[in-house]
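*Asks:* This is the structure, below, for whatever I ask next.
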Amino acid sequence: IQIYKSWQGYMTKPDENENFQTYYVNEIPYQEGITYFWTIDYFLKDKKELTYKEVTTYEKPTSWNDSEGVIVTKGGRVATRIRTVPNDGRVFNAWTLDENDPKGNIKVEVFIDEKLVRDFQFTTTSNP
């Protein structure tokens, strides 16, 4: 696999017209409803699908609402998800903060073929 580029950030809650703002940063305002995300553009030859593993680690425990394929360990601090997606040159994921998520650092590691391809670092801040 060849990684071309990657980025991360957050999106604000939609306004009354369903518009939102996107920011490409690693500091996320600690507000319920803020969505943070990561994206990787890649090239993988001769495969119809790509399987990746995503490991998300919080400093403190949290609850995980989306249990689809998620294995939660370390007392609620770590969630691991394995997904198989079409090989279209981009993988991404996003989560929405809620009242159960602790402030602090969030680390997301993305593995392809058991190899770490990107490590995303987020920090939730008090500033909106």
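*Asks:* Strictly over 18 Å apart at the Cα level, which of Lys47/Lys107; Lys5/Lys48; Lys74/Lys107; Lys60/Lys103 would you flag in this model? List each step's numbers first, then the result.
*Replies:* Values: Lys47/Lys107 29 Å; Lys5/Lys48 21 Å; Lys74/Lys107 14 Å; Lys60/Lys103 8 Å.
Over 18 Å apart, Cα to Cα: Lys47/Lys107; Lys5/Lys48.
*Asks:* Taking amide H atoms as placed 1.01 Å from N in the peptide plane, list the residues 5 or more away in sequence, or in a different chain, whose amide H sits under 5 Å from that of Arg118.
*Replies:* Result for Arg118 returns Val110.
*Asks:* Translational diffusion coefficient of region 35-94 at 25 °C, 0.890 mPa s, Stokes-Einstein with Kirkwood Rh over Cα pairs, in µm²/s as a whole number.
*Replies:* Working: Rh = 12.9 Å.
So the translational diffusion coefficient is about 190 µm²/s.
*Asks:* Would you list which aspartates and glutamates come within 15 Å of Lys45, measuring only between C-alpha atoms, while excluding same-chain residues fewer than 8 positions from it?
*Replies:* Asp88, Asp113
*Asks:* Quick one: with all protein chains in place, what share of the accessible area of the chain is carbon or sulfur, to the nearest percent (1.4 Å probe)?
*Replies:* Details: 3630 of 7770 Å².
Whole-percent figure for carbon plus sulfur exposure: 47.
*Asks:* How much solvent-accessible surface does Val78 expose, in Å² to the nearest 10, with a 1.4 Å probe and all protein chains in place?
*Replies:* We get 20 Å² for Val78.
*Asks:* With every atom except the alpha carbons ignored, what do you get for Rg and Dmax of the chain, in angstroms?
*Replies:* According to the Cα coordinates of the chain, Rg and Dmax are 15.1, 46 Å.
*Asks:* For region 68-102, list residues with backbone N below 12 Å from a point placed 7 Å from the Cα of Ile1 toward its Cβ?
*Replies:* Residues passing the 12 Å test: 82-92.
*Asks:* Can you list residues from other chains, or at least 5 along the same chain, whose modelled amide H is less than 5 Å from the amide H of Arg77?
*Replies:* Thr62
*Asks:* A follow-up question, please. Express the accessible area of region 9-98 per residue in Å², computed with a 1.4 Å probe while the remaining protein chains stay in the model. Before the final figure, lay out each step's value.
*Replies:* Details: 5480 Å² over 90 residues.
It amounts to 61 Å² per residue over region 9-98.
The values are calculated or read from the model by the stated rules, or taken from the named source; none is laboratory data. This one's a predicted model, so the numbers in the text were calculated from it and none came from an experiment. Note that each Cβ is placed from the backbone with ideal geometry, even for glycine, and that neighbours are counted across all protein chains shown. Remember, those area values only see protein heavy atoms, side chains included, never the ligands or the DNA or RNA. Shrake-Rupley method; radii C 1.70, N 1.55, O 1.52, S 1.80 Å.
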